[in-house]
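Written below as C-alpha cells is the structure these notes are about.
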Amino acid sequence: MYLTACLLSFYQQCRRFGDGGAALVPYLLESPLMVFVGGSVTGQRQTQEDTDLVLILKFLASFVSDRAETERRIKKLLERRDGLVVGGQRVFNRFFPYVEALFKPENAAICLRIS
C-alpha cells in the first residue's frame, strides 16, 4: 500500500507538472523524477531473500499487471481507508488533493486522458 501511495504521489506530481504549462517556466522546474533508495542491490544467496531492488521490481510488475488490485489500492488511498497510520495519524492524509480533484465525477472527461 505504501509503494502504491508513492506511485500515486509521483503521478500527482507528474500530472500537476504537465498541467502547469507556461506558468511553471519562471521557476525553472523540470519534470519530476522518482528515485527508489534501498539498502541492498545484491542479495545473500544462502537465505534466498529478495534484495530491495528485486522487491521494487516485483511490486512494479504486480502494479501494472493486476489492474483490479491496483485500482482497489488507489481507491482505498483516496477514500482514506488505506490503513497507513503512524502515531494515530494517517501518513498520506490530504496528500492527494490534485488527484482527488481530477477524479471527482464532474471531471470524468479529464480522467479519461489518463486511462
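Things to note:
- Residue match in the range 37-54 (condition: within 15 Å of the chain's Cα centre (by Cα) and surrounded by 15 or more Cβ atoms within 10 Å (Cβ to Cβ)): no
- Among the residues listed as SER9, SER31, the single one being loosely packed, with under 13 Cβ neighbours inside 10 Å, of a type in the set (Gly, Ala, Ser) and touching a Phe, Trp or Tyr at 6+ places or on another chain (Cβ under 8 Å): SER31
- The number of residues in the range 24-38 that are within 25 Å of ILE74 (Cβ to Cβ), among the hydrophobic types (A, V, I, L, M, F, W, C) and either assigned to a helix (DSSP H, G or I) or at pLDDT below 85 (or both) comes to 2.
- When we screen GLU79, GLU69 for residues that are modelled with pLDDT of 90 or more and among the acidic types (Asp, Glu), the only hit is GLU69.
- Neighbours by Cβ (under 8 Å, 6+ apart or cross-chain): first from the range 69-94, aromatic (Phe, Trp, Tyr); second assigned to a loop (DSSP other than H, G, I, E, B): PHE92/ASP82; PHE92/LEU84
- Candidate set from the range 1-23 (those that are farther than 24 Å from PHE59 by Cα and hydrophobic (A, V, I, L, M, F, W, C)); member that is modelled with the highest pLDDT: PHE17
The values are calculated or read from the model by the stated rules, or taken from the named source; none is laboratory data. Since the structure is predicted, the reported quantities are computational estimates derived from the model, not experimental observations. Glycine also receives a Cβ, built like all others from the backbone with ideal geometry; neighbour counts cover every protein chain displayed.
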